[in-house]
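Asks: Structure provided below as structure tokens; questions to follow.
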Amino acid sequence: MAGLWAGDTLEAAMQNVNQNSRPSDLKITELRVAVVARAPMTCPLIRIDTNQGIYGLGEVRDGASPTYALFLKSRILGENPCNIDKIFRKIKQFGGDSRQAGGVCGIEMALWDLAGKAYNTPVYQMLGGKFRHKIRCYADTTESDDAKIYAQRLKKRHEEGFTWLKMDLGIDLLRNVPGALTQPAGESIEQNVTRQHMFTGIEITEKGLGLMADFVAQVREAVGMEVPLSADHFGHIGVNSCIRLGKALEKYNMAWLEDMIPWQHTELWKKITDAIDVPTLTGEDIYLKEHFVELARNHAVDILHPDLATSGGILETKKIGDAIQEYGVPMAMHFAGTPVSCMASVHCAAATENFLVLENHSVDVPWWDNLVEGIEKPIINRGFITVPEKPGLGVTLNDDVVNQHLLEPGHYFDPTPEWNKERSHDRLWS
Ligand SMILES: [Mg+2]
């Protein structure tokens, strides 16, 4: 103590906070990307460098172009990265639904990582502290048209310790079954068609509904009734088929039915939700809290499901959780990325009271854990992630492992001077 007060200056005190950084003088000097492939998604990592040697890690939403982050570089150069909300409000206009928000959110994550390192504090602590030490996870499970095989895969997840399961349950299962679907000739049942559900004219028949219900029955037989079981990727079917399918699944006590129709249709969602006694859920493609609040206020779905790499980053997603909690709506979290954005989600989940469960798509990728160092391994241990206690997001990259899995070999955080001057007249009002 004598040593600390002898200097008797704020600077001395701040140096005691962190030997590496004086937060008030911190400035952003560079933004670089390194794109990881087959994780199993394509995941653009970003690194924001500063004038004091510390850097922040973030990640653009899976599958999105790193350009979404790079074209914001000129807007953040010279800013103090600890002014997270100020910078977020400056770049927020360059985000949009789904992947369009990838750059804004990736930068926001990296700013939290930097602020945490500058102040020597884990991100969850800066958000107001923890509601939980461990984050419950559910895992994506590779689909099979054979109910018995699929049931065994889900059973394996349960045995691995996952306390929440999710399956895909699409009309593609009915592809080769005569009389299972009513559809206009030539209309595709593929999920990547751009036509929204209500506009395909595809409806499920009684026979089709029976087969889909039986599929779930076989999964329930394998995993039991006790574990929560969610379902997703139903295909582009009409609202009435969503309702009839929901009713057919009621007896299997599903945890939620996800994205039965696009999230934009609040009133149609409410019609489905009011008609079935199974929780409904949407949200992974929504940017900013306003749309979440609209869905919650109308009780159009039972559970909301932001992906922090789309919804607006760490602070906006905590705000979403807190706002929908006022309406009695829980927050599950979509996630598909590397351990970097996983940790962003983990800190947010720890600090948000109405959090339910966090997704993971990489349980079967053997090198996924090895991309980072500094945290407990395995990262998902018996279905839970322990909230890190190190400053910032709490992870550093393992350079060798990331280098082995780059989309473009050799391009690991290259300098990006070509993005230093990108500009437009950014004002939003006159
Ligand atoms: Mg989904």
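Read-outs: derived from the displayed coordinates by stated rules, not from any lab. Note that the coordinates shown come from a computational prediction; the quantities given were computed from them, not determined experimentally. Using ideal geometry, Cβ is built from the backbone for each residue, glycine included, and neighbour counts are taken over all protein chains shown.
Asks: Any idea how many residues of region 364-396 are in a loop (DSSP other than H, G, I, E, B), crowded, with 18+ Cβ neighbours inside 10 Å and either within 16 Å of the ligand (Cβ to nearest atom) or not aliphatic (A, V, I, L, M) (or both)?
Replies: Step one: list which residues in region 364-396 are in a loop (DSSP other than H, G, I, E, B), which gives 364-368, 374-380, 382-383, 387-391, 393-395.
When the remaining residues are screened for being crowded, with 18+ Cβ neighbours inside 10 Å, the result is 368, 375, 379-380, 383, 387-388, 391, 393-395.
If we keep only those that are either within 16 Å of the ligand (Cβ to nearest atom) or not aliphatic (A, V, I, L, M) (or both) too, we end up with 368, 383, 388, 391, 394.
Going through region 364-396 one residue at a time, the tally reaches 5.
Asks: Let me ask you something else. Counting just the residues of region 290-314 that are closer than 14 Å to Met333 by Cβ and more than 16 Å from the ligand (Cβ to nearest atom), which one comes out surrounded by the fewest Cβ atoms within 10 Å (Cβ to Cβ)? Full working, then the answer.
Replies: Residues of region 290-314 that are closer than 14 Å to Met333 by Cβ, as a first pass: 292, 303-314.
Pick out the ones that are also more than 16 Å from the ligand (Cβ to nearest atom) and you get 312-314.
On the way: Gly312: 25, Gly313: 28, Ile314: 30.
Within region 290-314, the match that is surrounded by the fewest Cβ atoms within 10 Å (Cβ to Cβ) is Gly312.
Asks: Inside region 397-422, can you point out the residues that are without any contact (Cβ under 8 Å) to a residue 12 or more places away in the chain and surrounded by 14 or more Cβ atoms within 10 Å (Cβ to Cβ)? Let's see the steps before the verdict.
Replies: Taking region 397-422 as the starting set, the residues that turn out to be without any contact (Cβ under 8 Å) to a residue 12 or more places away in the chain are 400, 403, 409-410, 417-418.
Passing the criteria: only Asn403.
Asks: On to the next question. In region 344-362, how many are farther than 14 Å from His305 by Cα and within 16 Å of the ligand (Cβ to nearest atom)?
Replies: So the answer is 2.
Asks: From the list Thr282, Thr338, Thr317, exactly one residue is within 16 Å of the ligand (Cβ to nearest atom), of a type in the set (S, T, N, Q) and buried (at least 24 other Cβ atoms within 10 Å of the Cβ). Which is it? Talk me through it step by step, then tell me what you get.
Replies: Values: Thr338 fails: within 16 Å of the ligand (Cβ to nearest atom); Thr317 fails: within 16 Å of the ligand (Cβ to nearest atom).
Result of the check over Thr282, Thr338, Thr317: Thr282.
Asks: Within region 147-256, which helices (runs of 4 or more DSSP H) (wholly inside it) include 1 or more residues that are loosely packed, with under 15 Cβ neighbours inside 10 Å and free of Cβ contacts under 8 Å to residues at least 12 places away in the same chain? Show your work before the answer.
Replies: Working: elements: 147-159, 206-223, 239-249.
Passing ranges, in order: 147-159, 206-223.
Asks: Give me a count of the residues in region 225-258 that are within 15 Å of the ligand (Cβ to nearest atom) and small (Gly, Ala, Ser).
Replies: The qualifying residues number 4.
Asks: Test Val372 against the criterion of being over 25 Å from Ala255 (Cα atoms) and either out of contact with any helix residue (DSSP H, G or I) (no Cβ under 9 Å at 6 or more places or on another chain) or not small (Gly, Ala, Ser) (or both), and give yes or no.
Replies: Working: over 25 Å from Ala255 (Cα atoms): yes; either out of contact with any helix residue (DSSP H, G or I) (no Cβ under 9 Å at 6 or more places or on another chain) or not small (Gly, Ala, Ser) (or both): yes.
Judged against the criteria, Val372 is a match.
Asks: Still on this structure: How many of the residues making up region 51-93 are assigned to a loop (DSSP other than H, G, I, E, B) and polar (S, T, N, Q)?
Replies: Taking region 51-93 first, the residues assigned to a loop (DSSP other than H, G, I, E, B) are 51-54, 60-66, 71-72, 77-83.
Filter again for polar (S, T, N, Q), leaving 51-52, 65, 80, 83.
Matching residues across region 51-93 total 5.
Asks: So which of Arg38, Arg61 ends up being of a type in the set (Lys, Arg), touching a residue at least 24 places away in the same chain (Cβ under 8 Å) and under 18 Å from Gln100 (Cβ atoms)?
Replies: Working: Arg38 fails: under 18 Å from Gln100 (Cβ atoms).
From the options Arg38, Arg61, the qualifying one is Arg61.
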